[in-house]
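Heads up: the structure comes next, in structure tokens.
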Amino acid sequence: MAESRMIKMRCVSQALFAALSNGYAKGFATAHIFDGKSKAFCTPGMNCYSCPGALFACPIGSLQATLNASEYRIALYAAGFLCVFGAFFGRFICGFLCPFGFLQDVLFKIPFVKKIRRVKGEAGLRFVRFGILAVFVVILPLFVVDFLGMGEPWFCKYICPVGTLEGGIPLVLLNKAMRGAIGWLFRWKLCLLALTLASSLVVYRPFCRWICPLGAIYALFSRVALVNIWIDSEKCISCEMCQKKCKLDIPIYKNTADMDCIRCAECVAACNRGALHLGIRKKRP
């Protein structure tokens with residue numbers, strides 16, 4: 001397959017997966033959240049369970065909502081799901097299958113005064129997502145509980161802009177009763193969403209780079225994921241063309257397992273020597 005075709009396939013894959021993940025059209029017409037059998041399964045990308053069109057559950061939402069339940073089967077399922085998909089696909093999911101990542105890609109393509117490749121403190125900011133994963137997805141839901149012993153989905157409730165965009169806004173617009181119940185929390189989440197979308201015009205995938213706990217989990221599998229970027233050292237001349245093309249400014253020719261790399265394959269297409277490849281690494285004889 002020609003590498004230019006891979007870039008086109010990535011766009012098609014992102015659009016199709018976003019449509020498939022939110023394919024319950026009736027939900028948008030009736031403000032009814034789909035509760036069919038497919039909701040028992042997680043989607044690999046960030047996609048809100050409460051979106052009226054969502055056909056599947058969010059793995060992060062499922063994990064934090066069931067961590068302290070008396071029956072750990074759902075939490076174990078969510079954790080196992082993340083490990084299996086992480087070990088096989090890694091951050092390929094972020095580049096090819098995540099609906100919210102797709103939205104950020106589209107916003108970044110909009111012409112703007114200036115695009116920023118790296119921000120001040122980037123090296124430290126990249127670890128914020130791991131802190132959010134540890135604190136808001138695991139620790140708080142597990143240990144901060146109410147009188148019934150139930151925890152809250154802290155990340156979904158107080159941070160996640162995906163839930164606001166896909167679930168909160170549609171439900172508020174379609175449901176008069178919910179419009180009357182709008183409070184400070186919804187306004188806070190709207191501000192976070194607006195900040196995320198606005199920054200996506202200037203910085204490539206700010207949510208993925210610094211905030212997303214799902215991306216943090218998949219990043220842990222960057223070195224071992226079967227689907228990965230690999231380099232033919234006999235062809236690579238360290239011309240740095242791949243880094244110049246990379247919107248995240250990653251020197252992929254030095255480290256193809258970089259945790260920030262979302263396997264978008266633009267570096268692969270940019271290499272005119274055919275030294276970079278995206279797929280399951282082939283063993284050399």
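The values are calculated or read from the model by the stated rules, or taken from the named source; none is laboratory data. Nothing here was measured: the structure is a model prediction, and the numbers come from that model. All Cβ positions, glycine included, derive from the backbone under ideal geometry; neighbour counts span all protein chains shown. In case anyone asks, the SASA skips ligands and DNA or RNA and just uses the protein heavy atoms, side chains included. Shrake-Rupley method; radii C 1.70, N 1.55, O 1.52, S 1.80 Å.
Just the residues that are open to solvent by 30 Å² or more (accessible area, probe 1.4 Å) and under 26 Å from I132 (Cα atoms), please, taken from the range 227-250.
Hits for the range 227-250 are K247, D249.
Within the group L171, L193, which residue is free of Cβ contacts under 8 Å to residues at least 40 places away in the same chain and closer than 23 Å to S62 by Cα?
None of the other options fit; the residue is L193.
Enumerate the pairs (first residue in the range 124-143 and within 14 Å of I60 (Cα to Cα) and part of a helix (DSSP H, G or I); second residue anywhere and among the polar types (S, T, N, Q) and open to solvent by less than 40 Å² (accessible area, probe 1.4 Å)) with beta-carbon separation below 6 Å, excluding pairs fewer than 6 apart on the same chain, so at least 6 apart or on different chains.
V137/Q64; P141/Q64; L142/N68
Among the helices (runs of 4 or more DSSP H) confined wholly to the range 9-108, which include 2 or more residues that are within 22 Å of W154 (Cα to Cα) and among the aromatic types (F, W, Y)?
Those helices (runs of 4 or more DSSP H) span 73-88.
Just wondering, is there one or more residues in the range 130-144 that are on the phi > 0 side of the Ramachandran plot and either in contact with a strand residue (DSSP E or B) (Cβ under 9 Å, 6 or more places away or on another chain) or of a type outside the set (K, R) (or both)?
no
Of the numbered conditions (1) buried (at least 22 other Cβ atoms within 10 Å of the Cβ); (2) part of a loop (DSSP other than H, G, I, E, B), F207 satisfies every one except a single condition; which is it?
Single failed check for F207: (2).
When you check F221 against the structure, is it assigned to a loop (DSSP other than H, G, I, E, B), under 15 Å from the mean Cα position of the chain (by Cα) and at pLDDT 95 or above, yes or no?
Here the answer is yes, as F221 does meet what is asked.
Pick out the one residue from G151, G163 that is open to solvent by less than 70 Å² (accessible area, probe 1.4 Å) and under 18 Å from the mean Cα position of the chain (by Cα).
G163
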